[in-house]
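Okay, structure first, notes after.
Each value in this text was obtained by applying a stated rule to the coordinates, not by laboratory testing. The shown structure was predicted, so the numbers you read here are calculated from the model rather than taken from an experiment. Neighbour counts run over all protein chains shown; Cβ positions are idealised from the backbone, glycine included.
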Amino acid sequence: MADDSTVHVPVLMAEVLQALQPAAGRVFVDGTLGAGGHTRALADRVA
């Protein structure tokens, strides 16, 4: 059973954002969408 008191911390966030260079008008598909940390960071930069 999952422990709901743990917090997921995305790793390599800075490296992923640097490699992908998200910007408005670009399209990304995040197939991982675990806890949504990378997805949220990408969305914040392209919105």
request  = Might you report the magnitude of the Cβ-based charge dipole of the chain about its Cα centre, with Lys and Arg at +1 and Asp and Glu at -1, to the nearest 20 debye?
outcome  = 260 debye
message = As a test of the definition: which semi-axes, in Å, follow for the chain when you take the square root of five times each eigenvalue of its alpha carbon gyration tensor? Largest first, please.
response = 24, 11, 9
ask   = Expressed as an acute angle from 0 to 90° and rounded to the nearest 10, what is the orientation of the C-alpha long axis of helix 37-46 relative to the principal long axis of the chain?
value = 20 degrees
task = Positive end of the charge dipole of the chain (Lys, Arg +1 and Asp, Glu -1 on Cβ, about the Cα centre): tell me which of 41, 10, 23 has its Cα farthest that way.
result = 23
